[in-house]
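Trainee: Take this structure, written in structure tokens, and hold onto it; I'll ask about it next.
All of the numbers you see were taken from the coordinates with simple rules; none came from a lab. Keep in mind the model is a prediction, meaning the values are calculated, not measured. FYI the Cβ positions are ideal-geometry reconstructions off the backbone, even for glycines, and counts take in every protein chain you see.
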Amino acid sequence: MYNDNPTIKDLPKVVDEAKQGEVFGSEFAPVQPGTKQFYIESYGCQMNFSDSEIVASILGEAGYGPTRDMEAADLILVNTCSIREKAEETVRKRLRVFDKVKQRKPGTMIGVLGCMAERLKSKFLEEEKLVDIVVGPDAYRDLPSLVAGAEEGEKGVNVFLSREETYADISPVRLQSNGVTAFISIMRGCDNMCSFCVVPFTRGRERSRSAFSIVAEATDLFDKGFREVTLLGQNVDSYKWENPESGEVVNFAQLLTMTAAVDPDLRIRFSTSHPKDITDDVLYAMRDHENVCKYIHLPVQSGNTRVLELMNRTYTREWYIEKVNRIYEIMPDCAISSDIITGFCTETEEEHQETLSMVEFARYSMSYMFFYSERPGTPAARKFEDDIPLAVKKRRLTEVIELQTNISRELNAAEVGKTFRVLIEGDSKKSDQDWKGRTTQNRMVIFPKVGQHQPGDYALVTITDSTSATLFGYEVQPGSTRTNG
Ligand code: 5AD
Ligand code: SF4
């Protein structure tokens, strides 16, 4: 579920959601004087960031405008993550900061949204006295009335998990947008029961959003100048939507084809894939459409069959290897990335070695790597002892990170001399004399601004240099591949 959110992808290899607090502000939605204002910080996966855009839309309808200034806000919201303990600790620290604001400005409402709200429910109100409302991921439509109740002194909780809610009719407010790349949520929830994972408990059952509303959102984004959409879901490959009128069922391969048809200049990405669900049809749809990016986030979690079984991943090492082979067979230029957990319950040194050899084998372009963090209520917490000492988990994690960094460096070095079509996202972080963009394989490319480009243009860039995280190059025939503006 982590791929190319700009706030995530630029971080070092070990991604800790806890560090990804992102403030949504009012750049694209100026607030009218006198309007009530909300401030929102988001943590966790892209789904959470996408949800915050839905929340902004719902609050906008209720007369609230966004602000970047916490002190100016009437309503402070934090969209939370529960995936690892550290993510929850960060949220609690942020609540201390919000508390200070509330002390200075009594009457400020504080709301906790997202996975931690869902996990802790009304316990949040007992544990954190300053919190006024607690709202789970499927209850955001209820936010305005919960806020109104809280203003009357009635603390509110809605953590109802729905089997239907997809927020399909809500147009997300694209806050903090670069105007080029956007997320489209295509499904919610997760029916897999990976034993380490809290998500099925915090986000409920899987449900898919109307294919028509997804294509309409992609078309609207393209018309507004966006050139890349990422179709988001906890497990996009199990997308399945039945047209209530015709009874026709749309699967993920078909949805990819439908969105690819919006415009050849609209790039399509997706995240996350569960290895068990990604079909040949999806791979063919990727191969057959130039604008479907050649990049798959295919979390392996562990390279050892026994550990995979304990994790309830429902595939073996050999089966995953076959899947990787199939991807490279159908799309030799496809990049694959992964999520990896070290030190899961009972993992031996030999089993850890198999994770290392999997990283070597799969040639991941990058990975998000974590040490195991027991989550209350998950099958692993109930059934297994969290018996690997923290120091061992961390040492194993360091080994995986070092190997992955070397492989990323080698793979990037192998791109030197090649020419790629790069979608320009904006100025490079280090210099406004350089552009930053991405290849279809999701590799970041930095190149000097020569021709007359703007973000959202495509440029042909020949690679001259690389690091483990970035490619550097120069534009061939500057300005010759403008596609908009
Ligand atoms: N401990 C450590 N990492 C976890 N992940 C999910 N649950 C846990 C946990 N309990 C990782 C998995 C998943 C990614 C989003 O977070 O690798 O794919
Ligand atoms: Fe996203 Fe999972 Fe964190 Fe919820 S717990 S915000 S689904 S990563």
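Trainee: If N is the number of residues in the chain, what value comes out of its Cα radius of gyration divided by 2.2 N^0.38 Å? Please report the intermediate quantities before stating the final value.
Mentor: Values: Rg = 22.2 Å, N = 485, 2.2 N^0.38 = 23.1 Å.
Cα Rg divided by the expected 2.2 N^0.38 Å: 0.96.
Trainee: Output ³J(HN,Hα) for segment 134-148: one whole-Hz value per residue in order, computed from phi by the Karplus curve 6.51 cos²θ - 1.76 cosθ + 1.60 with θ = phi - 60°, and x for Gly and Pro.
Mentor: 10, 10, x, x, 9, 10, 5, 5, 7, 3, x, 6, 5, 5, 4
Trainee: Related question: Is segment 18-158 rounded, prolate or oblate when judged by the Cα gyration tensor, a ≥ b ≥ c being the square roots of its eigenvalues, rounded requiring a/c under 1.5 and prolate requiring a/b larger than b/c?
Mentor: Numbers: a/c = 1.37, a/b = 1.20, b/c = 1.14.
The shape class here is rounded.
Trainee: Enter the per residue convex hull volume of segment 419-475, computed from alpha-carbon coordinates, in Å³ rounded to the nearest integer.
Mentor: On the way: hull volume 4.0 nm³, N = 57.
Expressed per residue, the convex hull around the Cα atoms of segment 419-475 is 70 Å³.
Trainee: Rounded to whole Hz and in sequence order, give me ³J(HN,Hα) for segment 360-372 from the Karplus expression 6.51 cos²θ - 1.76 cosθ + 1.60, θ = phi - 60°, writing x for Gly and Pro.
Mentor: Here the 3J(HN,Hα) series is 4, 5, 6, 6, 4, 6, 6, 9, 9, 10, 9, 8, 4 Hz.
Trainee: Past 25 Å, Cα to Cα: identify those pairs from 224/436; 276/418; 86/429; 102/123; 121/394, in the order given.
Mentor: Correct reply: 276/418; 86/429; 121/394.
Trainee: Reachable aspartates and glutamates from residue 430, Cα under 14 Å, same-chain residues fewer than 8 places away excluded?
Mentor: Within the straight-line cut-off, residue 430 pairs with 10.
Trainee: Let me have the relative contact order for segment 198-257, percent, based on Cα pairs under 8 Å that are six or more residues apart.
Mentor: Working: 35 pairs, mean separation 18.5, N = 60.
Averaging sequence separation for qualifying contacts and normalising by length gives 31 percent for segment 198-257.
Trainee: Could you sort the peptides 434-442, 375-383 by per-residue average Cβ neighbour count (10 Å cutoff), highest mean leading?
Mentor: On the way: 434-442: 21.4, 375-383: 14.8.
Top of the packing list down: 434-442, 375-383.
Trainee: Lone cysteines in the chain, defined as no other cysteine's Cβ under 4.7 Å from theirs: which are they?
Mentor: If one checks each Cβ against the other cysteines of the chain, 45, 81, 115, 190, 293, 334, 345 turn up with nothing under 4.7 Å.
Trainee: Rounded to whole Hz and in sequence order, give me ³J(HN,Hα) for segment 436-452 from the Karplus expression 6.51 cos²θ - 1.76 cosθ + 1.60, θ = phi - 60°, writing x for Gly and Pro.
Mentor: Each residue's phi maps through the Karplus curve to give 10, x, 9, 7, 4, 6, 6, 8, 6, 10, 10, 8, x, 6, 10, x, 9 Hz.
Trainee: Name the shape class, rounded, prolate or oblate, that the alpha-carbon gyration tensor gives for segment 220-366, where a ≥ b ≥ c are the square roots of its eigenvalues, rounded holds for a/c under 1.5, and otherwise prolate holds if a/b is larger than b/c and oblate otherwise.
Mentor: Prolate, since a/c reaches 1.5 and a/b exceeds b/c.
Trainee: Remind me, relative contact order of the chain in percent, using alpha carbon pairs under 8 angstrom and six or more residues apart?
Mentor: Working: 1034 pairs, mean separation 51.3, N = 485.
For the chain, the relative contact order is 11 percent.
Trainee: What residues have an amide H closer than 5 Å to that of residue 230, excluding those fewer than 5 places away on the same chain, when H is modeled at 1.01 Å from N in the peptide plane?
Mentor: Counting only residues 5 or more places away or on other chains, the set is 182, 183, 184, 269.
Trainee: While we're looking at this one, here's another question. Of the peptides 185-198, 72-85, how do they stack up when ordered by the mean number of other Cβ atoms within 10 Å, highest first? Walk me through the numbers on the way to the answer.
Mentor: Values: 185-198: 21.1, 72-85: 23.4.
So the peptides 185-198, 72-85, ranked by packing, come out 72-85, 185-198.
Trainee: Going by average Cβ density within 10 Å per residue, which order do the peptides 459-465, 312-318 take, highest to lowest?
Mentor: Working: 459-465: 18.6, 312-318: 16.1.
Result, highest mean first: 459-465, 312-318.
Trainee: Return 453, 352, 289 ranked ascending by Cβ neighbour count within 10 Å, so the fewest neighbours appear first. Don't skip to the answer; put the middle values down first.
Mentor: Values: 453 20, 352 25, 289 16.
Starting with the residue having the fewest Cβ neighbours, the order is 289, 453, 352.
Trainee: Follow-up. Taking a ≥ b ≥ c as the square roots of the Cα gyration tensor eigenvalues, with a/c under 1.5 meaning rounded and otherwise prolate when a/b beats b/c, else oblate, which class fits segment 45-98?
Mentor: Values: a/c = 3.26, a/b = 1.38, b/c = 2.36.
Oblate, because a/c is 1.5 or more while a/b does not exceed b/c.
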